[in-house]
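Here's the structure we're looking at; comments come further down.
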2 protein chains.
Amino acid sequence: MTEPKRKPGPRRALTEREILDAALALLDAGGPEAASIRRIAAAVGVAPNAVYTYFADKAAVERALVESLLEGCDGVVGRDPEAGWRAEVEALALELRRRLVAHPGAVPLMLGGPMDGPHALRLGERLLDLLAAGGLATPVAARGAYLLIVYVLGAIALEVADVPQAGALPPEEERIAARRAAFGEVPAEAFPRTAAATGVMATWVGTEQFRWGLDRVLDGLVAG
Amino acid sequence: MTEPKRKPGPRRALTEREILDAALALLDAGGPEAASIRRIAAAVGVAPNAVYTYFADKAAVERALVESLLEGCDGVVGRDPEAGWRAEVEALALELRRRLVAHPGAVPLMLGGPMDGPHALRLGERLLDLLAAGGLATPVAARGAYLLIVYVLGAIALEVADVPQAGALPPEEERIAARRAAFGEVPAEAFPRTAAATGVMATWVGTEQFRWGLDRVLDGLVAG
DNA sequence: ACCTGAACACCGTTCAAGT
DNA sequence: ACCTGAACACCGTTCAAGT
């Protein structure tokens, strides 16, 4: 948890970073089941059990991986001094989405446990800063921040769950084509509204879709 | 997919239902890793590979399990003829939450793949009915339904991810106690707003929390 | 048609041993 | 202190064989 200091010993063949990079590469290439301890170890050139010198167990590797994806997200806040709090919240959400859709295999890991690491806390603190700057009182800001996190992570989870592929998200053209195909497969007699809705959704993908929902949530937050 | 008919043969030792019930019981008792094909088979008293007579692979078992949890959710719609569309949407969302928090282990399965089964479609169709009754035009209703699903599943996913336990969700008292403990662990110097927000959230759990967020989303939907 | 035993190619994790 | 080989108790899935 709290030992960033170097440890003595004969020699460290690896660093935590190398292990996490290998895990992420395997995750991107082959999905969650490809990121096994044994394959990570093989990728960095050690025996499987050598990984346990660096991490207590597989869950610790996954937590560290999630944390490393969160690191520096808040760098997008405060770039434009003209930007209002709402634009800043959107920038933060879009940055998080950008990072996670780049590594779809990591999304289930993020949803799999509590987000209580230092980088997650830092991200939450920035979000609360922005809501406070927007004039929201502490209780509303607290609930609002949670609501925004629910939206952002839920939207990303559904977005990556919708694409069958294991690796990286395909380009938007391909995803639109896939939705058109899904549109054709909805039985319109039994589910007329669903068929119509699928048609509407067919050309509405990715960032645009994400931003629309985020705007509705922010509308509800300032209205409530 | 579409073969509800009986199949001939010497004798069926099991039904799909028995397998799904066993899988759900194992999921509830011991979390996702307890619901292995081998343990499911042992629970229903057959050899591991006998399961493959009923389902193509483990993913098919999981899809069927998710579908079975969705079945009949829409029974809560139309009970109260006085209820407005918004109350009906809330009833539907609360029913889905009730079912999923009763089986936390199934939540990652629901987020793990596209929700395109017949019961999922039926649920989506009911939601679209309600939004149409609320006066939303088809394009807004389509996007709004998706937004609501994002919120509901995201909120449930975060709710079950926050409790470390494998089995059923503990009672609210226990969860409040856990949040108070989490409040004490946030370093207030480095993360003052997070510490304050954690204090706010400490007594605000479960249905009440879920409903507040849902109301904000609905506010944003009718405002936008 | 359905079930079984046996096997294959994997897992995460532990332990004793080497340096 | 760190790494290795070997082992343990598991996985999902396949295949040939039985009825």
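If you average 1/r across every pair of different Cα atoms in the protein assembly as shown and take the reciprocal, what Kirkwood value do you get, in Å?
Over the protein assembly as shown, the inverse of the mean reciprocal pair distance is 23.5 Å.
When chain A is turned about an axis onto chain B, which of its residues keeps its C-beta closest to that axis, and how many Å is it?
So the closest residue, with its distance, comes out as A:Gly154, 1.
Tell me the mean residue ellipticity at 222 nm calculated for chain B from its helices only (DSSP H runs of n ≥ 4, each -39500 (n - 2.57), averaged over every residue, nearest 500). Write down the numbers at each step before the final one.
Numbers: 10 runs with 140 residues, N = 224.
After summing the helix terms and dividing by residue count, I get -20000 deg cm²/dmol.
Express the relative contact order of the stretch B:16-223 as a whole percentage, based on alpha carbon pairs under 8 Å and six or more residues apart in sequence.
Details: 182 pairs, mean separation 43.4, N = 208.
That works out to 21 percent.
Out of B:Val76, B:Ala142, B:Ala50, whose Cα points farthest toward the positive end of the dipole of the stretch B:47-164 (charges: +1 Lys, Arg; -1 Asp, Glu; placed on Cβ)?
Going by the charge dipole, the pick is B:Ala50.
Treating the beta-carbon of each Lys and Arg as +1 and of each Asp and Glu as -1, no other charges, what is the dipole magnitude of the stretch A:16-223 about its Cα centre, to the nearest 20 debye? Please report the intermediate quantities before stating the final value.
Working: 19 positive and 28 negative charges, 57 e Å.
For this selection, approximately 280 debye.
Once amide H atoms are placed 1.01 Å from N in the peptide plane, what residues at a sequence separation of 5 or more from B:Glu71, or on another chain, have their amide H within under 5 Å of its amide H?
Here nothing satisfies the definition.
Placing the label point 7 Å from Cα along the Cα-to-Cβ direction, what are the distances from B:Glu82 to the equivalent spots in the other copies, shortest first, in nm to one decimal?
Computed spacing set for this position: 5.5 nm.
Between A:Asp80, A:Asp21, A:Asp57, where does the largest GNM mean-square fluctuation fall for chain A, given springs only between Cα atoms within less than 10 Å?
Maximum fluctuation in the GNM of chain A, among the listed residues, is at A:Asp80.
Provide the net charge surrounding B:Leu169, with neighbours chosen by a C-beta distance below 15 Å and charges set as Lys +1, Arg +1, Asp -1, Glu -1.
-2
To the nearest 0.05, what FRET efficiency results for A:Ala166 and A:Ala137 with a Förster distance of 41 Å applied to their C-beta separation? If you can, show how the numbers build up before the last one.
Working: r = 45 Å, r/R0 = 1.09.
The value I calculate is 0.35.
The stretch B:59-123: which trypsin sites (Lys or Arg not before Pro) are DSSP loop and have at most 15 other beta-carbon atoms within 10 angstrom?
Values: sites: B:Arg63, B:Arg79, B:Arg86, B:Arg97, B:Arg98, B:Arg99, B:Arg122; in loops: B:Arg79.
Within the stretch B:59-123, the qualifying trypsin sites (Lys or Arg not before Pro) (loop, at most 15 other Cβ atoms within 10 Å) are B:Arg79.
Where does the longest stretch of chain B lie that holds no GluC sites (Glu not before Pro) found in a DSSP loop with 16 or fewer other Cβ atoms within 10 Å? Before the final figure, lay out each step's value.
On the way: sites that count: B:Glu71, B:Glu82, B:Glu189.
My reading of the result: B:83-188 is the longest stretch.
Whole-Hz Karplus ³J(HN,Hα) for the stretch B:123-129, in order, using 6.51 cos²θ - 1.76 cosθ + 1.60 and θ = phi - 60°, x for Gly and Pro?
Once θ is set to phi - 60°, the couplings for the stretch B:123-129 become 5, x, 5, 5, 4, 5, 3 Hz.
For the protein assembly as shown, with only Lys/Arg (+1) and Asp/Glu (-1) charged at the beta-carbon, what is the dipole magnitude about the Cα centre, in debye rounded to 20?
Values: 48 positive and 58 negative charges, 220 e Å.
Approximately 1060 debye in magnitude.
Looking at the square roots a ≥ b ≥ c of the eigenvalues of the Cα gyration tensor of the stretch A:117-224, which shape do they give, rounded for a/c under 1.5, prolate if a/b is larger than b/c, or oblate? Can you show the working numbers first?
Numbers: a/c = 3.18, a/b = 1.90, b/c = 1.68.
Since a/c reaches 1.5 and a/b is larger than b/c, the shape of the stretch A:117-224 is classed as prolate.
Within the stretch B:172-197, whose backbone N sits under 16 Å from a point 7 Å along Cα→Cβ of B:Thr203?
What the label zone holds, given the 16 Å backbone N cut-off, is B:172-181, B:183-184, B:196-197.
Say a label goes 7 Å from Cα toward Cβ at B:Gly206 in every copy; what distances in nm does this one have to the rest, shortest first?
Nearest first, the other copies' label points are 4.4 nm away.
Whole number please: convex hull volume per residue, Cα atoms of the stretch B:36-100, in Å³.
Details: hull volume 6.5 nm³, N = 65.
Roughly 100 Å³ of hull volume per residue.
Based on the alpha-carbon gyration tensor of the stretch B:16-223 and its eigenvalue square roots a ≥ b ≥ c, which shape applies: rounded if a/c is under 1.5, prolate if not and a/b is larger than b/c, or oblate? Before the final figure, lay out each step's value.
On the way: a/c = 2.33, a/b = 1.15, b/c = 2.03.
Since a/c reaches 1.5 but b/c is at least a/b, the shape of the stretch B:16-223 is classed as oblate.
Once you list every other residue whose beta carbon is under 11 Å from the beta carbon of B:Glu185, what net charge do they have if Lys and Arg are +1 and Asp and Glu are -1? If you can, show how the numbers build up before the last one.
Values: positive: B:Arg179, B:Arg180; negative: A:Asp116.
Residues near B:Glu185 contribute +1 overall.
What is the stretch A:150-191 by shape, rounded, prolate or oblate, if you read a ≥ b ≥ c off the alpha carbon gyration tensor as root eigenvalues and call it rounded for a/c under 1.5, prolate for a/b larger than b/c, and oblate otherwise? Spell out each step's value before the answer.
On the way: a/c = 2.65, a/b = 1.42, b/c = 1.87.
Taking the square roots of the gyration eigenvalues as a ≥ b ≥ c, the stretch A:150-191 is oblate.
Taking the label point as lying 7 angstrom from Cα along the Cα-to-Cβ axis, what are the distances from B:Asp21 to the corresponding position in the remaining copies, in ascending order and in nanometres?
Result for B:Asp21, in nm, nearest copy first: 5.4.
Taken together, the values in this text are just the output of simple stated rules run on the coordinates, not laboratory data. Here the structure is a predicted model, which means the values were calculated and not measured. When we count neighbours, we look across all protein chains shown, and the Cβ atoms used for this are built from the backbone with ideal geometry, even at glycine.
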